[in-house]
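The next block holds one structure in the form of structure tokens; read it before the comments.
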Amino acid sequence: MTYYNRRQFITRSTLGFAGAAMGLSALGRGTAHAANVSGYKALVGIMLKGGMDHNDTILPVDAPSYDALKGVRPGLFSAYDSDSVESSRNRENILALNPTNAARFAGRQFGLPRELSGIHAMFEAGDAAIIGNVGPLLEPVNREDFETGRVQLPKRIFSHNDQQSTWMALDTEGVRKGWGGQFADAVLNADASANPLYAAVTATSPDIFLAGERVRAFLVPEIGRELSLDSQRLRSYLGRGDDSDAARVKLDTYFRKQSFDHDSLFRQDAVAMAGRGIDDQLAFSRQVSAAAPLATIFPNTDIGRQLGGIAQAMSLRTVLGVNRQVFYASKGGFDTHDAQVTSLPNLHQDLDEAVAAFQAAMLELGLWNDVILFTMSEFGRTMVDNGDGCDHGWGGHQFVMGGSVRGQEIYGDIPEIDTSHPQYTRNRTRLIPTTSVEQHAAALGGWFGLDSGELARVFPNLSRFDDGALNFV
Amino acid sequence: MRSIIRTALCGAITASFLVACGGGSSSSPTSPPTTTTPSAPVAKPFTNLETREEAARFLIQAGFGGTDSEIDALVGTDAADWIAAEIRKTPTLTLPLMQARYPTRQDTGNNHARMLWQTLLTADDQLRQRMMFALSQIFVMSTDGFFNQGYATAYYTDILSGQAFGNYRNILGDVTYSPVMANYLTYYRNEKGDARSGRMPDENYAREILQLFSIGLVELNMDGTPKAGEPETYNNSDITGLANVFTGLSGKGPSYNYDQQDIDWPHNPLQMYDEQHSPLEKNFLGVTIPENTDGITSIETALDTIFNHPNVAPFISRQLIQRFTSSSPDPAYVERVARVFEAGRYSAPNGQEFGIGRRGDLQAVIAAILLDETVHDDVQTENEGKVREPVLKFIHYARAFETRDIDVWAEWRFGNTKSPSDSLGQHPFRSPSVFNFYRPGFISPASRSGAAGLTAPEFQIVNEGASLGFVNFTSHYIMRRADDPADFPGFTPDFAHEIELADDVEALVDHLDVKLTAGQLSEATKTDIIDVVSTLVVEGDDADVDRRKRAQTAVLMTIGSGAYMVQD
């Protein structure tokens, strides 16, 4: 695996997949609906663990808003050395966004840090949108409601694990099903021929997102990795005789077996997972080896390898017999209580490069219109800083990307930079969400193919919100 | 058989002894020690380890599993005596080992986590090391991303191993004042607020010390279940109040500033710089610290307040039980242990005393966990058992076969054992976040244990995606380190006893069944192992090699069995 420079690979992918790239540029904004001729659709969720600081992701560009943010974050802006000409947080260096609905923000302008240049380009090309101030809600809430407790609030807001769980599964830790898994369940219920094994696929630790009634997450290996049962591959383990070969075959069967008549539930589960895991992983790996490798080079970062593994799995969709898939990747490190200026730009850059490579791979496979890539993060962060970082918040801003996305637009809301604004809690200026996770996820589910009845089952509070508000796809 | 003896014994003695037997009296306080020893015992207490199976089972639960001779030595003895002997052993501490190996802290790189592997694989004080590893999964500090912090992290490890049989409150304090935790949870040089700019203190430690290290998010009954309505233990203003407490701490030295601190500050307690400590009135958990209170007084008041919260006993007890004996502990078991946590003292069925009577005594707590009636009865229900952590499974293998020449520095595999696809999926002190490798409330989706509502934290890392990696990792050590000369030097297991039995495959499997799985291999598993191993023919000039391959194959298959993956 080699590192690459984004400029090189964009050139490369444009040259290598001119047809797809031209197709993309020919689809102007507004006409970017997926033709969906292949019948294939995939959702790819990326969980940004730790709580990404939305205030340092979607940056204000107009002078009054920029100055206001600098005013409430003196520690961070000073650590960024924002007055220097090189600083990524110098107003001049922020990559301005030109949303088609700019008029809505009455002169307020937004931009992305230069570390997100790939996503910025996607936004400007109409292939990415921003969902502003989205977060877990049970019903609409304003500051007054929050302070008096007169409406129902999600449980344990501000707690990492519980809000990751709430984002992905609508309840605190211990909940049993995520909406990604339930989307996959809905597909299996509708299509008896669908292969349940590859309906929900993760490239990392299988979090609650992909847990369903029927599906369990399938773990894809990193891109380029071949898997084997070493005791089979290495003859030196058991020797070279006929008896050794016979034993090897039996040993292979043993490790793939999923039941050994145990009474204990834990033992039943443990052997089932072990046997299934070995059997399925090796079968998948054989398919990977037999297929042509992707030409797109993914960055050699954790998130790059994860998205590479996902793209590789998508390239096998026909052999694997799937036409609807939910994928999951995650990236940690966003809990920037301190040293934010050294960590967040790197995190952004890793994310951006991986996402840009993923877009290139989708163009290569001709799937860019059939996939939506979206970010999640358990919460945004306090607007007021704590010196060199900031603390847990509630609402935040997220990205949705893909050829089918009605891009170059900001959905939801991005409240003004004003600590007295009623969309912030008085305690530490945490953003109170204006768009619920359920609205956001239901829009993705509708595109994926769930009907309104199925969406209402997965998202019990959906009816409390305006269902037409998020028409990003 | 033993459960019948216990019933007879409990029935025959006084009512107060029934309490010590634990016969459904979970709401009673622990009996005073004077009533725990029957004057004329008619049978040995249920904690007596009567058979090799029981001895092997106890060593898996309490330690890192046993060698043949350790198992033999335990038969006929009381488990409480083993615990007492382990507590008396000289602690293996990490800082001296790090300092001996790396003359300056700038030489330590990221070798602390490697050193921990060496200790866990080789140290004699196995109960203390088990406890240290368990505590490291509650007071989570991950060395991932740290570089040249080897002294600081070793100092932290030694807080956990040094206080493994001490008091929880001392750990809470020492952890709070440890430089590496301050670095990890970002309260090192946490600045007091500034009213003019609106800057507020970092809330990270205030939140995580409550959520993860002490009381958790919801009010608990003594049995660890949430109280009705799941009332939350704190709200956001408690956090902002407590965040003011954890301000003003920096390294030891003449000055708050980083570059003027003593050279040994990373492995010494933090120092309070009162001029940097918030002078505000601090309100949290119903306590008010008046304005202008000095920093140390503020912190000590806060730690006492946290420690005295009624959640601490069930919250900590349940998680420690999960690390030793049960993935989904029965609430009555949690309550029995939590009450020992409260009392600070535990009297074992054989009369052995643990703890000095101060609340939070971990010596009493660990004894109560390991000597509980449900741990020693013969009744196995389908809900019992603990899914074993990959780290523990590997250590058990290495120790059970008295592996020689363990030098993890010579093993690239031990530089990082985190990858689930080609390694163990777990590395001590290297969890992905302060939320540990897995969550205590994790329920495996679409599984049988999950359908029964059982928590199984370990299934968060022991699952389909980790199965191939575990088999490949262990098969390397089992299959490629025992030949002579070995494919690879080091980590040489002693399979002599197994090779001796290799001509009688049933005897070999029975032997490994007891040694590695406490006699719990299912019949279906045994049949398969016997079949595969018998397929390997022992003959001719290479008969000794054939016997060794039989032994290795039998070991590998036993370690891949359900009975090894889950202890019960």
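Of note:
- Simple spin-label estimate for A:Val319 and A:Asn195 in nanometres, 7 Å along Cα-Cβ: 0.9 nm
- The overall shape of chain B is oblate: from the C-alpha gyration tensor, with semi-axes ordered a ≥ b ≥ c, the ratio a/c is 1.5 or greater and a/b is no larger than b/c.
- Environment charge of A:Asn90, counting only residues whose C-beta is closer than 9 Å and scoring Lys/Arg +1, Asp/Glu -1: -2
- Equivalent ellipsoid semi-axes, region A:225-292, via Cα gyration tensor eigenvalues times 5, rooted, Å: 24, 19, 8
- Tilt relative to chain A, helix A:63-72 - C-alpha long axis, 0 to 90 degrees, to 10: 80 degrees
- Against the rule of thumb 2.2 N^0.38 Å, how large the Cα Rg of region B:245-305 comes out: 1.22
- Restriction of the GluC sites (Glu not before Pro) in region B:262-302 to DSSP coil positions whose beta-carbon has at most 13 other beta-carbons within 10 angstrom yields B:Glu281, B:Glu291.
- ³J(HN,Hα), Karplus 6.51/-1.76/1.60, whole Hz, each residue of region B:562-568, x for Gly, Pro: x, 5, 7, 5, 10, 8, 8
- Region B:386-567: C-alpha pair distances exceeding 23 Å, %: 45 percent
- Look at the dipole of region A:421-473 built from charges on Cβ: of A:Phe465, A:Gly449, A:Pro433, the Cα furthest out on the positive end belongs to A:Pro433.
- Helix A:160-169 axis, angle to chain A major axis (alpha carbon atoms, nearest 10°): 70 degrees
- Fraction of antiparallel bridges per DSSP, chain A only, in percent to nearest 5: 35 percent
- Label zone (B:Thr374, point 7 Å along Cα-to-C-beta; backbone nitrogen cut-off 18 Å) within region B:60-89: B:61-62.
- Label-zone membership for region B:531-548, site A:Val249, 7 angstrom Cα→C-beta point, backbone N under 18 Å: B:531-537
- Rg of the Cα atoms in chain A, relative to 2.2 N^0.38 Å, amounts to 1.02.
- Ordered by the count of other Cβ atoms within 10 Å of each Cβ, fewest first, A:Trp167, B:Trp412 give B:Trp412, A:Trp167.
- With the convex hull drawn over the C-alpha atoms of the protein assembly as shown, the volume per residue is 168 Å³.
- Applying the Karplus relation 6.51 cos²θ - 1.76 cosθ + 1.60 with θ = phi - 60° to region A:309-316 yields 3J(HN,Hα) values of x, 5, 4, 4, 5, 5, 5, 9 Hz, where x marks Gly and Pro.
- ³J(HN,Hα), Karplus 6.51/-1.76/1.60, whole Hz, each residue of region B:226-239, x for Gly, Pro: x, 5, 3, x, 6, x, 7, 7, 8, 10, 5, 6, 4, 5
- Taking every DSSP beta bridge that has both ends in the protein assembly as shown, the antiparallel portion is near 55%.
- Cβ crowding within 10 Å, taken as a proxy for footprinting-reagent exposure, orders B:Ser449, A:Ser205 from fewest neighbours to most as A:Ser205, B:Ser449.
- Summarising the amide proton neighbourhood of B:Asn190: residues at separation of 5 or more, or on other chains, whose placed amide H is nearer than 5 Å comprise B:Gly248, B:Leu249.
- Potential extension, B:Leu285-B:Asp483 segment - 0.36 nm per residue separation minus Cα distance: 65.1 nm
- Computed magnitude of the charge dipole of the protein assembly as shown (debye, nearest 20; Cβ of K, R +1, Cβ of D, E -1): 1400 debye
- Over chain B, Cα pairs under 8 Å with separation of 6+ residues give a relative contact order of 16 percent.
- In this structure, the amide hydrogen of A:Asp127, modeled 1.01 Å from its nitrogen in the peptide plane, lies closer than 5 angstrom to those of A:Gln408, counting only residues at least 5 positions away or on a different chain.
- At R0 = 22 Å, FRET efficiency that the Cβ-Cβ distance of B:Lys89 and B:Thr122 yields, to 0.05: 0.95
- Spin-label model distance (nm) - A:Arg104 vs B:Asn308, 7 Å beyond Cα toward Cβ: 5.3 nm
- All alpha carbon pair distances within region B:499-547 were sorted into 5 Å bins beginning at 0; the resulting P(r) in whole percents reads 5, 21, 29, 23, 12, 6, 3, 0.
- Distance in nm between pseudo-label sites at A:Arg457 and B:Glu300 (7 Å out along the Cβ direction from Cα): 6.1 nm
- Degrees between helix A:6-16 axis and first principal axis of chain A (Cα, 0 to 90, nearest 10): 60 degrees
- Lys/Arg +1, Asp/Glu -1 at C-beta; region B:167-310 dipole; positive extreme among B:Gly224, B:Ala302, B:Tyr188: B:Tyr188
- Sites listed here are trypsin sites (Lys or Arg not before Pro) in region A:169-264 whose DSSP assignment is loop and whose Cβ has at most 13 other Cβ atoms within 10 Å: A:Arg240.
- Total formal charge among the other residues, if their Cβ is under 11 angstrom from that of A:Gly304, Lys/Arg +1 and Asp/Glu -1: -3
- Estimated D of region B:167-310 in µm² per second, where Rh is the Kirkwood radius over Cα pairs and Stokes-Einstein applies at 37 °C, 0.692 mPa s: 209 µm²/s
- Local net charge near B:Phe429, Cβ-Cβ under 14 Å (Lys/Arg +1, Asp/Glu -1): 0
- Extension gain for the segment B:Glu275 to B:Val545, taken as residue separation times 0.36 nm less the Cα-Cα distance, is 90.0 nm to one decimal.
Readers should treat all values here as calculations from the given coordinates under stated rules, not as data from a laboratory. Because the structure is a prediction, the values reported are computed rather than measured. Heads up, the Cβs are rebuilt from the backbone with ideal geometry, glycines too, and the neighbour counts pull from every protein chain shown.
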